[in-house]
Amino acid sequence: MSENAYMNNKEKILAFIKKEKKLTGPELAEILGVSRQAVNKHLQKLMQEGLVTKEGVTRGTVYRLSSARRKTPRMFRKEYTLENLQEDAVFQEIGLHMNLKKELTPSAYEIFQYAFTEILNNAIDHSLSANCRVEVAADDYNCQFTIRDFGIGLFYSIFSKFNLSDENDAVGDLIKGKTTTMPKRHTGEGIFFTSKAADTVFFRSHKIELVFDNQRSDIFVAEKRNIQGTEVVFKIKKRSRKQLDSIFTTYAPEEFDYKFHKTRAYVKLYHQEYVSRSEAKRLLYGLDKFNEVILDFTGVKSIGQGFADEIFRIFMRNHPAISISVENLNPTLKPIIKHVVDNKTKDRLTIG
C-alpha cells in the first residue's frame, strides 16, 4: 500500500464511518471501490494511529471512530545553536519533557538514545551549520525523531573529502561504515549502526534520499527536491524488542575484540549491471578495512568477467585476511564468479 493511496482514502473512510456510526470492511471496500485487501490495510493503519476501533470477529467485525483517540501525536520541537551544544544534554531535555523512559521499552529507549545522540553529534561536528531543528514525536505505537541542519550536506561532505566522482558514490561509502571525515574524533560507525537499529531511517541531503527499511529488509536511494544541509528521520516501535547489544555483536563480535570488523555492501546502489574492473574497484573502495564483507547482489542483473575477477580473485588475493560472503545472487551469475575463483581464495568465499 502506497502512502499516497492511504492518504487519499483516509479522510473518506473516517467520514463514511462517522456518518454511518459503524461499517464493515466489505462495506467500506464497496463504497471506496477498492479491494477488501486494500481497505483492510487502510483500516489497520487507522487503528495503529488510534483513529478507528475494531469490534467483533470474522464476519461480525465492524469499525467505529475511536472516542478516545489522540488527535495529534505527542511532540517536542526546538531549534538549537550548534556551537558548544552537547547532544546528551539535548536528549536529557527531550527525555524528561516526553517521559521517554516510560513511553518506550528499555531496549527501544536504549536504541532511540543511541541513534539520537549519534545523529545530533554528527550535525554538531560535521555539518558546518550554525543551527539545527530537532523534532521528536510519539503516537501509540511508534516514536521518531527528525534532526535537520542547514550546512554542507552529508553526502557532499564525504564526496569532497575523499575526491569521489559525485555525491551518489558517497552513499555507497557511507553504508559500508568506517567512513568519516574526522578520523581523529570519529570512527565512522555511528550511521552504520543507526541504520541497523532503526525500523526505518531516512537520510536526505541535497537531491539524494537514502532509506533503510529494516521492517522489509530493504534499502534504496531516491532523487528528491533539493534541500540545503541534511535531514535525518529515525523511527522505531515503542514496544520494540530489538537489542542494541546484539546489533553490535553481529558486526563487532567478541572474537574480534569487539571491534567493528564486518559490513554489508549493497551492490545495486551503484548499478544493476556491471562489466568493468573500474566499477569493481569503486565498489571495493574502503572494504579493505574489514575482516568480513557481505556483498548483497539483490537486484543485480548481470556482471562481467573483469568485474568478477577484480573482486573474487585480485582483491581477495591482495587481502588474505578478508572473507567475502555473497548473498541474493541471481543463479545465472554464479558460474561467472566461480570461473575466476582460484585455490588461494575459494576457502574465504561463500556464495549463498
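Values for this structure:
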{"item": "Subset of the stretch 81-123 that is crowded, with 19+ Cβ neighbours inside 10 Å and of a type in the set (Phe, Trp, Tyr) - its residue that is farthest from the chain's Cα centre (by Cα)", "result": "91"}
{"item": "Qualifying position, being modelled with pLDDT under 90, assigned by TED's automatic domain parsing to the domain that holds residue 166 and in a strand (DSSP E or B), among 219, 208, 236", "result": "219"}
{"item": "Which numbered condition residue 53 fails, given (1) of a type outside the set (D, E, K, R); (2) surrounded by fewer than 19 Cβ atoms within 10 Å (Cβ to Cβ); (3) not assigned by TED's automatic domain parsing to the domain that holds residue 17", "result": "(3)"}
{"item": "Enumerated strands (runs of 3 or more DSSP E) restricted to the stretch 47-166, each holding at least 2 residues that are within 23 Å of residue 198 (Cβ to Cβ)", "result": "74-81, 131-138, 142-149"}
{"item": "Cβ-Cβ under 8 Å pairs, at least 6 apart or on other chains, the stretch 265-286 side outside the structural domain of residue 304 (by TED's automatic domain parsing) and assigned to a loop (DSSP other than H, G, I, E, B), far side at pLDDT 80 or above and surrounded by 17 or more Cβ atoms within 10 Å (Cβ to Cβ)", "result": "none"}
{"item": "Every residue from the stretch 199-244 that is over 18 Å from residue 118 (Cβ atoms), without any contact (Cβ under 8 Å) to a residue 60 or more places away in the chain and among the basic types (Lys, Arg)", "result": "207, 216, 224, 225"}
{"item": "Residues of the stretch 311-350 classified as assigned to a strand (DSSP E or B) and within 16 Å of residue 299 (Cα to Cα), total", "result": "2"}
{"item": "Residue tally, condition charged (D, E, K, R) and over 22 Å from residue 323 (Cβ atoms), over the stretch 290-305", "result": "1"}
{"item": "Residue check for residue 310: closer than 22 Å to residue 164 by Cβ, at pLDDT below 90 and out of contact with any Ser or Thr (no Cβ under 6 Å at 6 or more places or on another chain)", "result": "no"}
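The values are calculated or read from the model by the stated rules, or taken from the named source; none is laboratory data. The shown structure was predicted, so the numbers you read here are calculated from the model rather than taken from an experiment. Cβ: placed from backbone, ideal geometry, glycine included. Neighbour counts: every protein chain shown.
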